[in-house]
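Following: one structure in structure tokens, then a few remarks.
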Amino acid sequence: MADGTKAVVDTSAADGAADEAALAAAIDELADGTARATTAGTSTDTGRTGASDADTDTGDAGTDAADDRGDDEPSTTTSVSEETSEITAPLSADEIRAELAAGAARKAAAAANATPAHRPGRPPQDPQPTHDPRATGTLPKTLPAPLRHSGDKIGHRYRLEECISHTETFSSWRAVDEKLRRAVGVHLMASGHQRARKVLAAAKSAALLGDPRFVQVLDAVQEGELVYVVREWLPHASDLAKLLADGPMEPHDAYQMVRQVTDAVAAAHRRGQAHLRLTPRCVLRTDSGQYRINGIAVDAALRGLPDGGGEDAERTDTRAIGALLFAALTHRWPFPEDRYDLKGLPKNLRDVPPDQVRAGVHKGLSELAARALFDHPPHHAEPITTPEQLAKAIALMPRIRQPEPELPAFTAPPRHNTHALPTAPNPTRVIAAPGAATAPAPARTAPVRRTRRRLRRVAKMTAWTVALGAIGVASWQLVDSLRNNGSTVSAAPNPTVSSATPTAHTATHAPVAIPVKEAQSYNPLGTQGPEGTFSLSKAFDGDTSTAWTTFGYQDPFGPTKPLKEGTGLLIDLGSPQAVSSVNVQFVGTTTAELRVPGASAAADPLGARPSDFTVLGKKSGTTVDYSVDSPVTTRYLLLWLTSLPKDKGEYRGQITEVKVFG
């Protein structure tokens, strides 16, 4: 075939036509006295027909066996040699006709008795198809994962630290990129495995996606007998399986999870990418509450899952998102088996919505999970089959607000009577003799009232004494200070009043430092993914000797570079704050803009474009101060670097410290 793949063709019709042509030629040549040549040609055609029949009967096995023999082994189709044809007596026309009729009868009987489903010797088929049959048809279908140990170096750059998982065909490691001094994840596989090229193709397509909501693929290389894929490592992120270890999610958290994951997967499908193996281990939540998806296309290729495509891929990813939401709401896996530290459902429960598995589940989220997960949702609801439809359904839901934090229970402090005076001992109780009349106890109201009046009088006198003493001391200090400054006593009141007023005004408007909770690389242009992920915290650690560093570039940024006019650092303050000024310290003269997300970028600033941000100011230098006329209330600040200094032959941006004031 044109693409190099093998095929088995039914030659019965072609063979019949050849037989009829051979018969007519033989009869004509007998009349001309050329029977010997016709006999030899017919024998050769008959041998070729037999070979075609053998290929048809054996199917793929015959084709594979022919390929395995190679070109050096003689073929059975040349069994009639020239010497044999010379010593064979010429056949008459009737004999030739009888031979051809017998051959056709044998061929028809063999075709009638053939059972393709039970062909003997048929090789077993690989249940996991390869990506490129032309390149992998002769590769082993199973090959053990390469044996490596902690401390081994891959590609003269990546030092393996810890084995995270190990299967029969590949292993996953936490490693260190010694060139950029950052942690990375590495998948290892033998290059001779049938899946190797499929894994490389999936990794390269995932790297071109360039969406910061996905864990970025940094490298994909075949080196000798080894194939390795390098991905971004998020040390402070927690996967969904770990988040569900203590119980189900609150409705607001489950809503945020399914909304962010669905938006990211829908965007990937619009660009022709699919995940195909979206599990709780692949969904990661950062400290800032942002969800990122790991292993797009690569996880499925490593495990040899079918490529899918079109509606099948969309349905697969939509059903996986429905399973994630089901698990987040119920703390149960929606299938009978136990997976990801979650207990499965009983086998007799099928197509059951989450609110029937656990009480108190949000009704809207329960219906959403059932429509995405099941082909026939309960209550005759319409199923959701694509991530795009799921994203639209989520957008139509009423927004689920975050619950107010619970205040600690108020405990009244113990009451202490600090004004009580020593009281006289209780009077001696007089026990009356039996039968004697008991006199009523004397009233104690008058002594108690006198004690309270005396106490108030003493407190007033003490307060007046302290106040007069304080006034006297203050007056003495004021007179002494004026005497030392050469001023007269009569001028003392005016400076006292005038100096007090500006002091109070300055204290009211003094800038207050706002702590930075987190920083993230904002690099929506180009295909390199996040920059300096290993050094993000160094931009606000209070140490000017450390810095967040971008990639090194051969050309500077600028408007003449439409695909790469800048890169940025997104500052997260944790909650909306009133920002009045920002101080930034760079290494080398750097030009940067201070931006805040607009209305369209406020919900997901990492997924927004640079044009979705509002520019508050643009400055150049090694230390710059951005000030605004009136405070701007925002949670996120973007430092958009548009001109980088040259460092060791490359243009590189470095931010040593960011300070935010309100």
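The values are calculated or read from the model by the stated rules, or taken from the named source; none is laboratory data. Predicted model only: the values in this text are computed from it and were never measured. Here Cβ is always computed from backbone atoms with ideal geometry, including for glycine, and neighbour counts include all displayed protein chains. The accessibility values were calculated without ligands, DNA or RNA, using every heavy atom of the protein model including side chains. Shrake-Rupley method; radii C 1.70, N 1.55, O 1.52, S 1.80 Å.
Remark: the Ala395-Asp543 segment gains 49.0 nm on full extension, using 0.36 nm per residue and subtracting the alpha carbon distance. The label-point distance for Ala474 and Val628, in a model that sets each label 7 Å from Cα toward Cβ, rounds to 4.0 nm.
What number, in nm² with one decimal, is the all-direction average of the projected area of the convex hull of the alpha-carbon atoms of segment 296-357?
Details: hull surface 20.1 nm².
Average of the hull's projected areas for segment 296-357 equals 5.0 nm².
Would you mind checking the pairs Lys204/Lys564; Lys517/Lys646; Lys538/Lys618 and listing those with alpha carbons more than 27 angstrom apart?
Over 27 Å Cα-Cα: Lys517/Lys646.
Our coupling estimate for segment 290-300, obtained by passing each phi through the Karplus curve with A = 6.51, B = -1.76, C = 1.60 and θ = phi - 60°, is 7, 9, 10, 10, 9, x, 4, 6, 6, 4, 5 Hz, Gly and Pro reported as x.
Are any of the pairs Lys619/Lys659; Lys242/Lys347; Lys343/Lys392 more than 20 Å apart by Cα-Cα distance, and if so, which? The partial results should precede the final answer.
On the way: Lys619/Lys659 16 Å; Lys242/Lys347 25 Å; Lys343/Lys392 31 Å.
The pairs that break the limit, which is 20 Å between Cα atoms, are Lys242/Lys347; Lys343/Lys392.
3J(HN,Hα) along segment 473-478: 5, 4, 5, 5, 5, 5 Hz, from the Karplus curve 6.51 cos²θ - 1.76 cosθ + 1.60 with θ = phi - 60°, whole Hz, x for Gly and Pro. Amide H contacts under 5 Å for Thr385: none, restricted to partners 5 or more places along the chain or on a different chain, H placed in the peptide plane at 1.01 Å from N. Rounded to the nearest whole Hz, the Karplus-based 3J(HN,Hα) values (6.51 cos²θ - 1.76 cosθ + 1.60, θ = phi - 60°) of segment 387-395 follow the sequence x, 5, 5, 5, 4, 5, 5, 5, 5, with x at glycine and proline. Between the amide H of Ile154 and those of Arg159, Leu160, distances stay under 5 Å, these residues lying 5 or more places away or on another chain, with hydrogens modeled in the peptide plane. Specify the inter-centroid distance of segment 635-661 and segment 579-606, based on alpha-carbon positions, in whole Å. About 10 Å separates the Cα centre of segment 635-661 from the one of segment 579-606.
Taking the solvent-accessible surface of protein heavy atoms with a 1.4 Å probe, what is the per residue accessible area of segment 621-662 in Å²? If you can, show how the numbers build up before the last one.
On the way: 1870 Å² over 42 residues.
Value for segment 621-662: 45 Å² per residue.
Simple spin-label estimate for Asp312 and His379 gives 3.4 nm between the two label positions (7 Å along the Cα-to-Cβ direction from each Cα).
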